[in-house]
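Below you'll find the structure, written out as structure tokens, and then a few comments.
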Amino acid sequence: MFQNYSYAKNVILNDTIGVQRVKGLVVDSKTKTPLVFASISVNGTNISTVTNSNGEFTLKVPKKYQNELITFSFLGYTSKVLIFKDLKNESIIKLETYIEELEEIKITVKDAKSLILEVLKRKGSNYLNELTSMTAFYRETIKKRRAYISLSEAVLEINKQPYTSVKNDALMLYKSRKSTDYDKLDTIAFKLKGGPISTLNLDIIKNPNTFFTEEMLEVFDFSFASPTKIDNRPIYVVNFKQKKEIEDPQYYGELYIDAQALTLINAKFHLNLDDVVKASKLFIVKKPNDADVSAIEASYQVDYVVKNGKWHYSYSRIQLGFKINWSKKLFNTVYYTTSEMAITDWEIIDNSELIKPKDRMRSSIIMSDEASGFSDPDFWGTYNIIEPEKPIETAIKKIQKQLKKN
């Protein structure tokens, strides 16, 4: 066990349950490169989604919002705003890069570390400080080399505590489905512990213990990179890496900070795997005696969005890779696991609407064990999802064919 701390033309589909669905692709206007994890939101609501790693998206919107504006945004690009009902004529959403020389954005803070400290000080005023109920879509995959051997998906309810609260966020599993091909797992059952909870804990503003505390800041060196923009607002880009004298594996990556509000809006980072033995021990809960397990990738991402001047967690992703060498086998086995979560809607609630303790998801949950089998295509109903990538889509179709045969 391991611990983790189609495309088609854009077309509106009418559902009988009062929801309209739009599918499409978001790309760079010049290079036609898909924009991965671009944000798509319905103006005037809390409804949103993100593109997948192919730049594809699916967005479900109640028919009463068909005249609302939809905003497509991505770091370093000019956001595009369209009327939802007009999307039927828009097969590909093209975003323009900024013409302005980004180097002209002036750095107004004395150093990168001071900037991070200021972001921490403003957490209470910049981020949602009210109890909210969030609807989230979660997907978890396990690949053996290039083939998917396990796929789990879920709709979750999250009780998101105020950002200044020390209380933990709570999750409840609402709908889920899964499939695991145990015949391809050799003699080892590769499982991901924590699942949605681990992915939610990537909200490093709410859960700063990873590295975003004043004490942990002493572990890293910070430096400014070339700034960028989003929605015509300047964004500081801060690189960080562990100091040379720090021996235990730490993180390195980039922090994207709104220069006006001094708010973290995106973080992309990796675990330092230079000492692969120490790094691997951070993940392994249990393994066979005749197997040597090494971490070969540990990548993380978290995004925040703003509504009425307040920022909140919107998306996170964890990608881990492991190589297993068997003492009595000639070839090794490589596994990759990816878990991602997107907030698709939210509302402010009071304490009387909290998830009951008996219904709360445990931190030891293993989604590939917890979820039930795959169901019909209308299983998710009105809930927004992250559009599946081609290989995942193919895996789902194979699962559905197997179910029909049985």
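The values are calculated or read from the model by the stated rules, or taken from the named source; none is laboratory data. What you are looking at is a predicted structure, and each value in this text was computed from that prediction instead of being measured. Every residue, glycine as well, gets a Cβ built from its backbone with ideal geometry; the counts of neighbours run over all protein chains shown. Remember, those area values only see protein heavy atoms, side chains included, never the ligands or the DNA or RNA. Shrake-Rupley method; radii C 1.70, N 1.55, O 1.52, S 1.80 Å.
For region 302-331, filtered to residues that are of a type in the set (A, V, I, L, M, F, W, C) and open to solvent by 10 Å² or more (accessible area, probe 1.4 Å), the residue that is farthest from residue 37 (Cα to Cα) is 330.
Assess whether residue 279 counts as being open to solvent by less than 60 Å² (accessible area, probe 1.4 Å) and at pLDDT 95 or above. No: the conditions fail for residue 279. Checked across region 125-146, the condition of being more than 23 Å from residue 344 (Cβ to Cβ), modelled with pLDDT of 90 or more, open to solvent by 10 Å² or more (accessible area, probe 1.4 Å) and not β-branched (Val, Ile, Thr) holds for at least one residue. Filtered by the rule that a residue be open to solvent by less than 30 Å² (accessible area, probe 1.4 Å) and within 19 Å of the chain's Cα centre (by Cα), region 43-53 gives 47, 48, 49, 50, 51, 52.
Scan region 77-88 for residues that are open to solvent by less than 50 Å² (accessible area, probe 1.4 Å) and either among the aliphatic types (A, V, I, L, M) or not in a helix (DSSP H, G or I) (or both) and the total you get is 4.
Part of a loop (DSSP other than H, G, I, E, B) and open to solvent by 20 Å² or more (accessible area, probe 1.4 Å): is that true of residue 214 in this structure? In short, yes.
I need the full set of residues from region 350-368 which are hydroxyl-bearing (Ser, Thr, Tyr) and either at pLDDT 90 or above or open to solvent by 20 Å² or more (accessible area, probe 1.4 Å) (or both), in order please. The answer is 352, 363, 364. Residue 347 meets all of the listed conditions (1) in a strand (DSSP E or B); (2) over 20 Å from residue 203 (Cα atoms); (3) open to solvent by 70 Å² or more (accessible area, probe 1.4 Å) but one, namely (2).
Applying a threshold of 6 Å to beta carbon distances and a minimum spacing of six or more residues, or different chains, the list of pairs starting in region 156-167 at a residue that is closer than 11 Å to residue 343 by Cα and open to solvent by 30 Å² or more (accessible area, probe 1.4 Å) and ending at one that is assigned to a strand (DSSP E or B) and modelled with pLDDT under 95 reads 157/172; 157/174. Just one residue in the set 332, 289, 308, 384 is modelled with pLDDT under 90, on the phi > 0 side of the Ramachandran plot and among the polar types (S, T, N, Q); that residue is 308.
Of everything in region 32-42 that is β-branched (Val, Ile, Thr) and open to solvent by 10 Å² or more (accessible area, probe 1.4 Å), the residue that is farthest from the chain's Cα centre (by Cα) is 33.
If you go through region 243-269 and keep only what is in a strand (DSSP E or B) and open to solvent by less than 30 Å² (accessible area, probe 1.4 Å), you end up with 253, 255, 257, 258, 263, 264, 265, 266, 267, 269.
Looking only at region 272-288, count how many residues are part of a loop (DSSP other than H, G, I, E, B) and over 17 Å from residue 326 (Cβ atoms). Final tally of qualifying residues: 7.
So that you can scan it fast, the table gives a plain yes or no per residue for (1) β-branched (Val, Ile, Thr); (2) more than 25 Å from residue 293 (Cβ to Cβ):
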residue: 308; (1), (2): no, yes
residue: 320; (1), (2): no, no
residue: 329; (1), (2): no, no
residue: 349; (1), (2): yes, yes
residue: 357; (1), (2): no, yes
residue: 362; (1), (2): no, no
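Counting only residues that are modelled with pLDDT of 90 or more, within 30 Å of residue 226 (Cα to Cα) and open to solvent by less than 40 Å² (accessible area, probe 1.4 Å), region 54-76 holds 7 of them.
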